[in-house]
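**Q** Here it is, the structure in full.
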Amino acid sequence: MNFKINYFFLVLYIVSFQNVLFEFVPFFKQLNSYTTLFVDFALMYLGISSFKWANKTFNFLLLLLIIFSTLNFIFGPKILLISHINGLREISNIFFLSAFLNFIYKSNYQFEFNVKFKRFVILFLILQLPISFLQFKEFSAGDHVGGTLGTGSSGILTLTILILIYYLVVLKSNNKKHERKILYFFSFTPFLIPLILNETKISFILIPILILTLINPAQIKSLVGAISVGTLLIVLLINNYSDQGKKYSNPIKEIFNEDFLESYLLSKDDKYEDIPRFTKIALSINILSDDYLSLFFGKEYGAFKGGTTLEKSEFAFSYEWLLRGSRPFLFNLIIMGGVTLVVTFIALMCWIFFSKKNQSYKSGNVGFLTFLFGILLLILFYNDSLRNPAFLMIFFNLIYFGKYFPQIESNKIQYLASTNYPETPMQELIA
């Protein structure tokens, strides 16, 4: 078991930091294809080796994916089998990862696993600061400030930082009052600096939502304090933003501007090189509606892959204008597998979030799970973060952590008794 856990974290460290190495150290860029292949096989191994501990619902959903993807390959546009498998791996990785984490959190290794994960979280959040400053200095504020996830990954980095900060708050505030949770959150605000540098507009919606899930509505003092400090934080962020030559003075004004929202989500104006998100979803449905088989089983699983080692398909070439740019994950699912893949994915996520096989779920961290479920809904209409292996591994681990948190804490005593647990404040922080 220790081998599998260490293997998981080896993969997590690779996918979380490889992109910045590719950018700053030219030699490492040549290893991109090899690391991608290694990560895929690693997740496959971890998942398949855990299948026997999965329940009937998971096995049924996996069988549906195999059947539906096979029908997609048979009735869809004629493509090479290797291209189909290359596209299918992004969805199959979600199943592999779910199977492995489901096994880990039903075992006695929960606390040990999260000791290692916390070490990763601290290192990850700290490294985002210098890397983001370097990217900001070179490219100025914008999408290029993606931290160790690489330039162009600003949206994914924003979501990752917020859920990891919430994770630290949950750890630090176990069995503490709600007022403490708010204080703990603001003690971690230095880790939000990359969000200021990349100016991701969605953060000004997510941060207030995060704070609301931390507070207890029954405690007025907690609510007033959270709103007051949150307002102060937003005011400070507004004052620290500079005009980067955009249409509006800063992204906070943009995200609440009606004209901007219309162009950002719905506009069909030809002057936009990147078609807005909601428009892409509508167009994908229209394209697939011409053929009922395509509507149910999608166009092709490899539509978003190829162009490096494998050639792009005829469909991918024809609709490159639609497939490129910002992509809501729902758009990806519709194009790849149609209605059947959308339903299978939603069923899988409902199983992960709401299955109650383990009684400890009843006392899981409801606020944290609520925020993560909100992030999932956002991803469906905002970006394709779940295609990024680093975010995928972090996000799914946090879901299981939120569900099994009380049980993890109960296993802490057993773990501490069998190890020399650090005692100094700094050691405790990284442990």
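The values are calculated or read from the model by the stated rules, or taken from the named source; none is laboratory data. Remember, it's a predicted structure, so these values are computed and weren't measured experimentally. Counting neighbours? That spans all protein chains shown, and the Cβs are built from the backbone with ideal geometry, glycine included. Accessible surface areas use protein heavy atoms only, side chains included; no ligands, DNA or RNA. Shrake-Rupley method; radii C 1.70, N 1.55, O 1.52, S 1.80 Å.
**Q** What is the distance, in nm, between label points placed 7 Å from the Cα along the Cα-to-Cβ direction at K78 and at F354?
**A** 4.4 nm
**Q** Accessible area per residue, 1.4 Å probe, Å², for region 310-355: what's the number?
**A** For region 310-355, the per-residue accessible area is 39 Å².
**Q** Would you kindly derive the ³J(HN,Hα) couplings of region 152-165 from the backbone phi angles with the Karplus curve 6.51 cos²θ - 1.76 cosθ + 1.60 (θ = phi - 60°), listing them in order in whole Hz, with x for Gly and Pro?
**A** In residue order, the calculated couplings are x, 9, 4, x, 5, 4, 4, 4, 5, 4, 5, 6, 6, 5 Hz.
**Q** To the nearest 0.05, what FRET efficiency results for F27 and F51 with a Förster distance of 30 Å applied to their C-beta separation?
**A** In this case the efficiency is close to 0.20.
**Q** Too long at a 18 Å Cα-Cα cut-off: which of K172/K201; K78/K312; K106/K172; K78/K305?
**A** The answer is K172/K201; K106/K172.
**Q** Mind checking the dipole of region 94-158: about its Cα centre, +1 per Lys or Arg Cβ, -1 per Asp or Glu Cβ, Debye to the nearest 20?
**A** For this selection, approximately 260 debye.
**Q** Expressed in nm to one decimal, what extension gain is obtained for the pair R180 and I126 from 0.36 nm per residue of sequence separation less their Cα-Cα distance?
**A** Extending this stretch completely gives an extra 17.2 nm.
**Q** Let me ask another. Taking the simple approach of a point 7 Å from Cα along Cα-to-Cβ for both F38 and D143, what is their distance in nm?
**A** 2.9 nm
**Q** Considering only protein heavy atoms and a 1.4 Å probe, what is the carbon-and-sulfur percentage of the accessible area of region 94-223?
**A** Carbon and sulfur together cover 61 percent of it.
**Q** With unit charges on the beta carbon (Lys/Arg positive, Asp/Glu negative), name the residue among S33, I82, I14 whose Cα is farthest towards the positive pole of the charge dipole of region 12-99.
**A** Among S33, I82, I14, the one farthest towards the positive end of the dipole of region 12-99 is I82.
**Q** Roughly how many Å² is the accessible area per residue of region 1-78, as a whole number, for a 1.4 Å probe?
**A** It amounts to 58 Å² per residue over region 1-78.
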